[in-house]
Structures are given as structure tokens and as C-alpha cells.
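Trainee: My questions will all concern the structure given below.
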Amino acid sequence: MKRALITGVTGQDGAYLAKLLLEKGYKVYGTFRRISTPNFWRLKSLKLLDKITLVSLDMTDQSSMVELFSKFKFDEVYNLAAQSFVGGSFDHPLTSTEVDAMGTLKLLDAIRILSPKTKFYQASSSEMFGDVGKNIPQDEDTPLNPRSPYAAAKVFAHHVVKNYREAYGLFACAGILFNHESPYRGLEFVTRKITNAAARIKVGEQTELMLGNLDAMRDWGHARDYVEAMWLMLQQDKPDDFVIATGETHTVKEFVELTFKTLGLNYKDYVKTDPKFMRPSEVNLLLGNPAKAFKKLGWKPKTKFSDLVSEMVKTDLERWNERPEHWDAPNAMGWEDAVQKSEIDR
């Protein structure tokens, strides 16, 4: 039986990946950040909490990583732990860099020393491309031009993965994932802010939705599809980096319109824009070219954009019909605060 470690298993991607690996017969270990209110609601919802081994890990503390790899032997490690809120990285650039950049370096170095045969996956981000100019769509060779502390930290980690692969012969891969969403996306991200707010409006809990740049364009896929690509990368004969995307782009406005239409509402009656929700450095267009992943991994996204939006909004509507006190979804920011803050992210 293969053993896999997922850092950040309590997040959207971590939960979906844990489910996939369990279905494939893996023994799954997952790390979580010890906080006063454990954020296990996704694992509980997917009925995974009693099927995986949870271990506390501080991504800034290499000694805890050394202890972990001394105690357990892993065939595969998926590094999904990150401060992944772009807006938050402007507020806390040092923390974002310490976790997203240095945390990856420390993890790779622990593997190099204690478990060099372990296969490693790094969650890179389309945010690394930043201001792409005329480089549309973006592929594995597109120049990186980060526009946020989060993106800059991810660029560092991305290059470190390549360096350790080439310098030490580690089986280390990076997936440059474009935006991927699901009903398990955090409320601080714009897609869940939209679907959650629309559901609240439908049940009379909210009267309007404030957003920033409605013209921003993103390549949105389903997280459930994207974790399959992560797994496929570590099943190859040789390590390599891949762009994972749908190859289609949609505006925030399209997402909003489709969300409200699903509920039989006209978004124009409820949605307003506010400059305070704009990023300090905005990235207006990200569109991935997944041709390499299609060809070498045999991977393709299975979920259409319209189906993704429909699944998210219908799930949020079900949650609000039950009321949030009946479904265990704590958020570090607090329920009401979270719906007021959002960001477009990977």
C-alpha cells in the first residue's frame, strides 16, 4: 500500500485529493495547522475525517518536518499548504513568504536529507504569470511576472522545485494550476463570495453583493478535476512541470450573471461595485494552455464552467436553507466577515 502525505489537507484541494487517493488504495496522512478552532469541516463533509491520519505541522518549522520524515516513510508528498489568499499577502507579506516560499524550501530539504526517493508535488499558481502582456494563453514557458507577495513567494518555490530536481535528482514536480473552484472553496475567494451571497439573497439573509473588478478574466475549472492531474504527475516515469487549466476564459461578470440566473434572479438588481475590493496590483487576464498536460498526462477537465457554477450555487442554497448552524463550516475570518472579503485567486 502506497503512503501519501498531503500538507494542507484541510483545504479545498487537500480534501478532494485525500478522497481521490483513498479511492486508489493509498494510506493517506494529512497535515494541518494547529489553531484554536480546527478547520476540519471539508473533511467531515466528505466523510474523510476518520479515514486519514492527521498530523500537526508548522510550515515555518523545519525541525517538525525532520521529525515527521524520521517517523514516517512516504511514497508521495503533495505540498498544498499555503497562505493562498492574494489580498491577504499584501497585508501580511512576511508571513506569506515564510509559509509559501521558505516552507517549500524547508520541506524539500527535509525530503532531500531523509527521504530522497519520495516523489514530491508542488502546488504552483497561475498568479505567478501576473502581468502577461501579449503572452496569451500562458504555458510552461511563459515568463513569470508576479504582481503580489503571494505570487512572488510562489515563484520562489516554483524555481526551488526545479533546482532540487536538477541539482539533487529528486522526483519533484510543480503543477501550475489556474483557478479551480468547488462548493468547498473558502468564503474569502470571489467565486464562493458570489455563490454564497446569491444564496443568502435568495433566502432573504442578504440584500446586495459588493464586488470589485467585474471585468477580470480567469480560467476557472473544478478542483475535483485538478487534483487528478496532481496525482497523474507523480505517476510519470520522469518528473516535469505542467500547466493545469481548461483553456477557456470567463469574466467575473459572467460568473455573477450565471450564478444569479441559476436562482431565477437578475444580478443587476443586487450587485454593486466598490473600489475598495480592487487589488493594489490587479491581474486582469489569466488563460492557461494545458496542451502539455493533455498530451503527456492524458488529463482533461471533466466539468464545464456552467456545471461548476451550478454545483456551487445549488450547494450554497442548500446550506442556507438548512442554516449555517446545521453544517460545520467554521471560517478563520468568521462567517459574517468572510462574506464581506474576497479575492480572485488560483
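The values are calculated or read from the model by the stated rules, or taken from the named source; none is laboratory data. As the structure is a computational prediction, the values presented were derived from the model and not from experiment. When we count neighbours, we look across all protein chains shown, and the Cβ atoms used for this are built from the backbone with ideal geometry, even at glycine. Accessible surface is based on the protein model in full, side chains and every heavy atom, while ligands, DNA and RNA are left aside. Shrake-Rupley method; radii C 1.70, N 1.55, O 1.52, S 1.80 Å.
Trainee: Viscosity 1.567 mPa s, temperature 4 °C: what is the translational diffusion coefficient of segment 120-190 from Stokes-Einstein with a Kirkwood Rh over Cα pairs, rounded to a whole number of µm²/s?
Mentor: Estimated via Stokes-Einstein, D reaches 97 µm²/s.
Trainee: So, with +1 on the Cβ of K and R and -1 on the Cβ of D and E, and no other charges, what is the size of the charge dipole of the chain about its Cα centre, to the nearest 20 debye? Present the calculation step by step, with values, prior to reporting the outcome.
Mentor: On the way: 47 positive and 46 negative charges, 194 e Å.
Dipole size: approximately 940 debye.
Trainee: Next up: Taking θ as phi - 60°, what are the ³J(HN,Hα) couplings along segment 39-45 by the Karplus curve (6.51, -1.76, 1.60), each to the nearest whole Hz, with x for Gly and Pro?
Mentor: My calculation for segment 39-45 gives 9, 9, 5, 5, 4, 5, 4 Hz in order.
Trainee: Between Leu22 and Ser64, what is the label-to-label distance in nm when each label sits 7 Å out along the Cα-to-Cβ direction?
Mentor: My value for the distance between the label points is 2.3 nm.
Trainee: A further question on this structure: Give me P(r) over the chain, computed from all C-alpha to C-alpha distances, binned every 20 Å, as integer percentages.
Mentor: Histogram of Cα-Cα distances, whole percents per bin: 32, 60, 8.
Trainee: Using just the alpha carbons, could you tell me how many Å³ per residue the convex hull of segment 165-233 encloses?
Mentor: Cα convex hull per residue, to the nearest whole number: 127 Å³.
Trainee: Also: Using 0.36 nm per residue of separation minus the Cα-Cα distance, give me the extension gain between Lys134 and Leu114 in nm, one decimal.
Mentor: 2.9 nm
Trainee: Something else: How long is the gain from Thr273 to Glu98 if the chain were fully straight, where each residue apart is worth 0.36 nm and the alpha carbon distance is subtracted?
Mentor: 59.7 nm
Trainee: Just to confirm a number: summing +1 for Lys and Arg and -1 for Asp and Glu over residues other than Val243 whose beta-carbon lies under 9 angstrom from that of Val243, what do you get? It would help to have the intermediate numbers written out before the result.
Mentor: Working: positive: Lys292; negative: Asp139, Glu140, Asp241.
Result for the neighbourhood of Val243: -2.
Trainee: Using only Cα atoms, locate the centre of segment 158-175 and the centre of segment 206-239, then give the distance between them in Å, rounded to an integer.
Mentor: Answer, in whole Å: 23.
Trainee: While we're on this one: Determine the relative contact order of the chain: mean sequence separation of Cα pairs under 8 Å and six or more apart, normalised by residue count, in whole percent.
Mentor: Answer for the chain is 20 percent.
Trainee: Divide the volume of the convex hull of the Cα atoms of segment 122-253 by its number of residues and quote the answer in cubic angstrom per residue.
Mentor: So the per-residue Cα hull volume is 120 Å³.
Trainee: For the chain, with every protein chain kept in place, what is the accessible area per residue (1.4 Å probe, Å²)?
Mentor: Here the residues of the chain average 42 Å² of exposed surface.
Trainee: In addition: Please identify which residues in segment 137-179 have an amide N closer than 19 Å to a label point set 7 Å out from the Cα of Lys2, following the Cα→Cβ vector.
Mentor: Backbone N within reach: 170-176.
Trainee: Using only the alpha-carbon atoms, how far is helix 12-23 inclined from the longest principal axis of the chain? Give it as 0 to 90 degrees, nearest 10.
Mentor: 60
Trainee: Among residues other than Gln62 whose Cβ falls under 9 Å from its Cβ, what is the net charge (Lys/Arg +1, Asp/Glu -1)?
Mentor: Once all neighbours under 9 Å are counted, the net charge is -1.
Trainee: I'd like the carbon and sulfur percentage of the solvent accessible area for the chain, probe radius 1.4 Å, heavy atoms only, ligands and nucleic acids excluded.
Mentor: 48
Trainee: Continuing with this model, one more query. Which three extents, in angstrom, do the Cα atoms of segment 196-323 have along their principal axes, listed largest first?
Mentor: On the principal axes, segment 196-323 reaches 54, 36, 19 Å in Cα extent.
Trainee: Separate question: Explain nothing, just compute: Karplus ³J(HN,Hα) = 6.51 cos²θ - 1.76 cosθ + 1.60, θ = phi - 60°, for every residue of segment 50-63 in order, whole Hz, x for Gly and Pro.
Mentor: Along segment 50-63, the couplings run 8, 10, 10, 9, 8, 9, 6, 9, 9, 5, 9, 10, 5, 4 Hz.
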